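The structure appears right after this line, and notes come after that.
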Amino acid sequence: MTPISFERAVHEGADMVECDVCVTRDLQLVCSHESWMEENTNVADIFPSSRRNTYYVDDQSEVITDYFTVDFTLGELNTIGKRQRYDFRDPTHNYAHPMATVEQVIELARDANRTVRLLAEIKDPIWVNSLDFMQNNSATVESLLLDLLQRYGYDQDDSPAAIQAFNEDVIRGLRPLTPIHLSVLIRDAVDVTDEKFAEFAQYADSVAVTKSLIVVTNSDNQIINRTDVIQRAHAAGLGINVWTFRNENRYLAWDYGQDIYNEMEDFLGLGVDGFITDFTDTAVRFLNNIYNCTG
């Protein structure tokens, strides 16, 4: 998640850019899939191993030893480069760019020649909010994010921004604090019952559901069921987005004939309101060609 990757997504026609929100030691917000960085940066080449740390990350129920954004200032993070985390994707820009800040992403979206919304995902809030430096500053990830959004005028129900999290308590707690769009991320079947949807509808505007809870495949990667999750979410008054659409064959059921367009058409035909993808240009071409959209 670098400035150039977000710039490219906006250029290719994304109507929303997703930023996974992590915190630095000096209370800045950066875009990184996780706070731990060794897998997808060159941090270990720049900083000594003494800067590694070990935390029990409550949200993951896991002890992790790594270099963490929470132990570095933004200035320090700007000296490291991001790399493509998947070895089957283009490595051309490896280590050439630092991770983006949330503020940079907001400014990129605001500078577009059309409305581009920000989708901010709060990462590992239980663990981050428990850290001494956060508590000593009376800060939470949620408060830092809301303060930043409010500085840019994102404080109305029609503001071009949304916040999502897997932790439903975080979304519930945000509802009295902001009118902007809130969404619960879902990856487990226990969270797509009618009862859970009714609960989510009390404080969230939408849910974002993993593909496998909507189109179910077997161990041979063949589709065995298309569920009614989308219809039941709508019946509860919730919008529903789906994640994550990817071009590579390894992410496609064989029924789609190794054609991502067939998968997208399937999900949109099922009634999904939007989808999250790693390949903006593919999704935009599909929508333009098949549904005559403009981006």
What pairs can you find where one residue is in segment 252-276 and closer than 14 Å to I230 by Cβ, the other is of a type in the set (G, A, S), and their Cβ atoms are less than 6 Å apart, with a gap of 6+ or different chains?
-> D273/G239
Those residues of segment 122-151 which are on the phi > 0 side of the Ramachandran plot and either in contact (Cβ under 8 Å) with a residue 40 or more places away in the chain or within 15 Å of the chain's Cα centre (by Cα) (or both) amount to D124
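Can you pull out the residues in segment 71-94 that are of a type in the set (V, I, T) and surrounded by fewer than 19 Cβ atoms within 10 Å (Cβ to Cβ)? Before the answer, list the steps.
So the first thing to find is which residues in segment 71-94 are of a type in the set (V, I, T), and the list is 73, 79-80, 92.
Scanning segment 71-94 gives T73, T79, T92.
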Look at segment 152-208 and say how many of its residues are under 20 Å from the mean Cα position of the chain (by Cα), of a type in the set (G, A, S) and either assigned to a loop (DSSP other than H, G, I, E, B) or farther than 19 Å from F275 by Cβ (or both).
-> 4
Conditions (1) small (G, A, S); (2) part of a loop (DSSP other than H, G, I, E, B); (3) surrounded by fewer than 16 Cβ atoms within 10 Å (Cβ to Cβ); number of the one not met by S212 = (2)
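Looking at this structure, is D20 modelled with pLDDT of 95 or more, surrounded by 14 or more Cβ atoms within 10 Å (Cβ to Cβ) and among the acidic types (D, E)?
Values: modelled with pLDDT of 95 or more: yes; surrounded by 14 or more Cβ atoms within 10 Å (Cβ to Cβ): yes; among the acidic types (D, E): yes.
So D20 fits the description; yes.
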Number of the exception - M37 against (1) modelled with pLDDT of 95 or more; (2) under 23 Å from S143 (Cα atoms); (3) out of contact with any Cys (no Cβ under 8 Å at 6 or more places or on another chain) = (2)
Selection count, segment 75-109, where residues are over 17 Å from D124 (Cβ atoms) and in contact with a Leu (Cβ under 9 Å, 6 or more places away or on another chain) = 7
Determine whether segment 241-259 contains at least one residue that is under 16 Å from L185 (Cβ atoms), in contact with a helix residue (DSSP H, G or I) (Cβ under 6 Å, 6 or more places away or on another chain) and at pLDDT 95 or above.
-> yes
Counting only residues that are among the aromatic types (F, W, Y) and either in contact with a helix residue (DSSP H, G or I) (Cβ under 7 Å, 6 or more places away or on another chain) or free of Cβ contacts under 8 Å to residues at least 12 places away in the same chain (or both), give me the helices (runs of 4 or more DSSP H) lying completely in segment 13-121 with at least 3 of them.
-> none
How many of the residues in segment 60-70 are under 19 Å from the mean Cα position of the chain (by Cα) and surrounded by fewer than 16 Cβ atoms within 10 Å (Cβ to Cβ)?
-> 1
Could you tell me which residue of segment 23-47 is surrounded by the most Cβ atoms within 10 Å (Cβ to Cβ), considering only residues that are farther than 13 Å from V70 by Cα and acidic (D, E)?
-> E38
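In segment 131-151, how many residues are in a helix (DSSP H, G or I) and closer than 19 Å to D20 by Cβ? Lay out the reasoning, then the answer.
Keep residues of segment 131-151 that are in a helix (DSSP H, G or I), which gives 132-136, 141-151.
Now drop any that are not closer than 19 Å to D20 by Cβ, which leaves 134, 141-149.
Of the residues in that region, 10 qualify.
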In segment 112-165, what residues are basic (K, R) and either surrounded by fewer than 21 Cβ atoms within 10 Å (Cβ to Cβ) or more than 30 Å from G13 (Cβ to Cβ) (or both)?
-> R114, R117, R151
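The values are calculated or read from the model by the stated rules, or taken from the named source; none is laboratory data. Note that the structure is predicted; figures quoted are calculated from it, not measured. Cβ sites come from the backbone with ideal geometry, for glycine too, and all protein chains shown count toward neighbours.
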